[in-house]
Amino acid sequence: MRTESPYTDAAGRRIRESDSIEAKYGYRYTVFRDAVNGRWTAVDSTGHHRIGLERLVHYCEVVERRDPVETGI
């Protein structure tokens, strides 16, 4: 089941778990909700760079909606 975050992208669309978002300069992240602390986080394709979703919402755009099962999150 996909969980909706309390955040929207720059175009006003609700961001959901496992969505792919694009921030400034073409950086892409996958969104997930950390089950332990409940924080919404964006992770890059390498998995090494994580950033709080609240820091990106004003500059990002949802580019792809994905099923959480496909992403392994």
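The values are calculated or read from the model by the stated rules, or taken from the named source; none is laboratory data. The structure presented is a predicted model; accordingly, all values stated were derived computationally and were not measured. Glycine also receives a Cβ, built like all others from the backbone with ideal geometry; neighbour counts cover every protein chain displayed. Ligands, DNA and RNA are stripped out before the accessible areas are found, and what is left, the full protein with its side chains, is counted by its heavy atoms. Shrake-Rupley method; radii C 1.70, N 1.55, O 1.52, S 1.80 Å.
Quick rundown of the values:
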{"read-out": "Count - residues of the stretch 53-68 that are open to solvent by less than 70 Å² (accessible area, probe 1.4 Å) and closer than 20 Å to A11 by Cβ", "value": "7"}
{"read-out": "Contacts under 7 angstrom Cβ, first residue in the stretch 19-32 being in contact (Cβ under 8 Å) with a residue 12 or more places away in the chain, partner surrounded by fewer than 20 Cβ atoms within 10 Å (Cβ to Cβ) and among the aromatic types (F, W, Y), 6 or more apart", "value": "A23/Y59; K24/Y59; V31/W40"}
{"read-out": "Subset of the stretch 53-65 that is of a type outside the set (S, T, Y) and assigned to a loop (DSSP other than H, G, I, E, B) - its residue that is farthest from Y7 (Cα to Cα)", "value": "R65"}
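Rundown of residues vs (1) open to solvent by less than 80 Å² (accessible area, probe 1.4 Å); (2) within 15 Å of R65 (Cβ to Cβ); (3) in a loop (DSSP other than H, G, I, E, B); (4) not basic (K, R), yes/no style:
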position: S5; (1), (2), (3), (4): yes, yes, no, yes
position: A10; (1), (2), (3), (4): yes, no, yes, yes
position: I15; (1), (2), (3), (4): yes, yes, no, yes
position: I21; (1), (2), (3), (4): yes, yes, no, yes
position: Y29; (1), (2), (3), (4): yes, yes, no, yes
position: F32; (1), (2), (3), (4): yes, yes, no, yes
position: V36; (1), (2), (3), (4): no, no, yes, yes
position: G47; (1), (2), (3), (4): yes, no, yes, yes
position: I51; (1), (2), (3), (4): yes, no, no, yes
